[in-house]
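S.K.: Sharing a structure with you now.
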Amino acid sequence: MTEWILAVVLGTAFGFALNRVGATNPENIINMLRLTDLHLMKVILFAIGFASLLLFAGMGLGWLDPGNLSIKASHFGVIIGGLLLGAGFAIAGYCPGTGLAAAATGRIDGIVFVIGGLVGAFAYTVSHEAIEGTGLLGNLFGGKATIAVTGNEKFTGLLSQYPGEMVAGALAIALILIAVILPKAFRKDGGEAGAKNVVDEDGPVPIKS
Amino acid sequence: MPRVLPWLQGGLLLGAVFLLAVALVKPIGVSTQFVILDAIVWDWINPDIVKEVPESKTGYGSPNAYLNKSGGKYAKNAANPLNYSFIFVIGLAFGAFLSAMLGGDRPAGRQYSMPEVWASNFGTNPWIRFLVAFIAGFLVLFGARLAGGCTSGHMMSGMMQTSVSGYLFAAALFASAIPIAILMFPKRKSA
């Protein structure tokens, strides 16, 4: 019962947040990937860094349970799957979560994307056995590995000579710094590469909406 | 609250949700639930797809190797859709709907069918956009299942935990997404 309530509350909060950062609008995703509007890139990098910093601080203080962590294995499928996902992400401006969220805000292309996604997931479901047979899903970099030591013994920490909080903290601060210094855009809307004047208009850290 | 938050406030909100999820339950992930919904529908059509198998780890199994993997984990979730991960994704859709109703981002006019950047490069025929969105959805979910996760689970949750696969996935994703977006959408007229 508690689990259901948490699922509803956290799921609703996630959908709400995706909408308020502008991620349910494919215009914003495509313009991020065209490098003409880096708003979402700043949001994503900051969110990862901020969450990571507090996660490792909380685990270090014993407030958060490392048992909740879940690390996915590295294999060639991650790379090929990432490339395929990236292609669809660029073409449509949707990923699985934002596509569903966009569909819920009434976007018809989002609904069509979700239906295509269900067919794609089914195609994978029936071809998994054959793909696994190619050895493509064999572990790389120690399989379920993290860069920082997490305190969860199921996962290998690669930089085990340093405290996990220090390694994760350094990575998190790096992500936050990139989010802060990243300009509003690398390119102008017309598509000319290297248009730096876009950057100069507002300075690197636009706070107001 | 503005329609779209400034990046810093948006980052704090989104980061807080990812942190709360891992603090209270487990890291956020979405794409697995596409498989679960497929399995539910598949099992309606062919009731042998999800079965109770007392000797498996979860008590469920499937003749399909993917649904049967990890002791029938996916088969079990398809047999019991009212589990945390599935309800979470239904909540996601509800949350986005709620935010849109309360003054968040929502489409208007032809944005119901396509973003402006699409119209600037490919015209305003919605059926072309729908066909391409369908193909893109296929690629995205096939890719996500091959990779073992999507932008939420692999990239955001993964990098948050300093997962090696999360960094690998993010690098591959942007290595294809950025060049394709630049080549495919060279121009954008203001609406």
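The values are calculated or read from the model by the stated rules, or taken from the named source; none is laboratory data. Keep in mind that this is a model prediction, so the values were computed, not measured. Reconstructed Cβ throughout: ideal geometry from the backbone, glycine too, with neighbour counts over all protein chains shown.
S.K.: Find the residue count for segment A:72-95, including only residues that are closer than 17 Å to A:GLY138 by Cβ and touching a helix residue (DSSP H, G or I) at 6+ places or on another chain (Cβ under 9 Å).
M.R.: Let us first name the residues in segment A:72-95 that are closer than 17 Å to A:GLY138 by Cβ, namely A:72-82.
In the following step, the residues that additionally are touching a helix residue (DSSP H, G or I) at 6+ places or on another chain (Cβ under 9 Å) were identified as A:72-75, A:77-82.
The total comes to 10.
S.K.: Search segment A:22-42 for residues that are within 7 Å of chain B (Cβ to nearest Cβ) and farther than 16 Å from A:ALA92 by Cα and pair each with any residue that is assigned to a helix (DSSP H, G or I) and of a type in the set (S, T, N, Q) when their beta-carbon atoms are under 7 Å apart and the residues are at least 6 apart or on different chains.
M.R.: Going by the 7 Å Cβ cut-off, the qualifying pairs are A:HIS39/A:ASN28.
S.K.: Same structure, new question: Would it be correct to say that A:LEU64 is at the interface with another protein chain (Cβ under 7 Å from one of its Cβ atoms) and either more than 19 Å from B:LEU183 (Cα to Cα) or of a type in the set (D, E, K, R) (or both)?
M.R.: Values: at the interface with another protein chain (Cβ under 7 Å from one of its Cβ atoms): yes; either more than 19 Å from B:LEU183 (Cα to Cα) or of a type in the set (D, E, K, R) (or both): yes.
Taking the combined requirement at face value, the residue satisfies it.
S.K.: For segment A:86-188, please list each of the helices (runs of 4 or more DSSP H) lying entirely inside it that holds at least 1 residues being touching a strand residue (DSSP E or B) at 6+ places or on another chain (Cβ under 8 Å).
M.R.: Working: elements: A:96-104, A:108-133, A:164-181.
Passing ranges, in order: A:164-181.
S.K.: Still on this structure: Exactly one of (1) at pLDDT 95 or above; (2) surrounded by fewer than 20 Cβ atoms within 10 Å (Cβ to Cβ); (3) within 24 Å of B:SER152 (Cβ to Cβ); (4) more than 7 Å from chain A (Cβ to nearest Cβ) is unmet by B:ILE36. Its number?
M.R.: (2)
S.K.: Which number in (1) under 23 Å from B:VAL25 (Cβ atoms); (2) at the interface with chain A (Cβ under 9 Å from one of its Cβ atoms); (3) surrounded by fewer than 18 Cβ atoms within 10 Å (Cβ to Cβ) marks the one condition that B:ILE87 misses?
M.R.: Only one criterion in (1) under 23 Å from B:VAL25 (Cβ atoms); (2) at the interface with chain A (Cβ under 9 Å from one of its Cβ atoms); (3) surrounded by fewer than 18 Cβ atoms within 10 Å (Cβ to Cβ) is unmet by B:ILE87, namely (3).
S.K.: Let me ask another. Considering only segment B:6-25, how many residues are closer than 30 Å to A:ILE115 by Cβ and either without any contact (Cβ under 8 Å) to a residue 24 or more places away in the chain or buried (at least 22 other Cβ atoms within 10 Å of the Cβ) (or both)?
M.R.: At the first step, the residues of segment B:6-25 found to be closer than 30 Å to A:ILE115 by Cβ are B:10, B:13-14, B:17-18, B:21, B:25.
Now restrict to residues that are either without any contact (Cβ under 8 Å) to a residue 24 or more places away in the chain or buried (at least 22 other Cβ atoms within 10 Å of the Cβ) (or both): B:10, B:13-14, B:17-18, B:21.
Total satisfying the criteria: 6.
S.K.: Can you tell me which residue among B:GLY143, B:GLY149, B:GLY137 is touching a Pro at 6+ places or on another chain (Cβ under 9 Å) and at the interface with another protein chain (Cβ under 7 Å from one of its Cβ atoms)?
M.R.: Values: B:GLY143 fails: touching a Pro at 6+ places or on another chain (Cβ under 9 Å); B:GLY149 fails: touching a Pro at 6+ places or on another chain (Cβ under 9 Å).
B:GLY137 is the lone residue from the list that is touching a Pro at 6+ places or on another chain (Cβ under 9 Å) and at the interface with another protein chain (Cβ under 7 Å from one of its Cβ atoms).
S.K.: So which residues in segment B:114-134 are at the interface with another protein chain (Cβ under 7 Å from one of its Cβ atoms) and either free of Cβ contacts under 8 Å to residues at least 12 places away in the same chain or surrounded by 21 or more Cβ atoms within 10 Å (Cβ to Cβ) (or both), if there are any at all? Steps first, please.
M.R.: Quick first cut of segment B:114-134, residues at the interface with another protein chain (Cβ under 7 Å from one of its Cβ atoms) only: B:114-117, B:129-130, B:132-134.
Matches in segment B:114-134: B:MET114, B:PRO115, B:VAL117, B:ARG129, B:VAL132, B:ALA133, B:PHE134.
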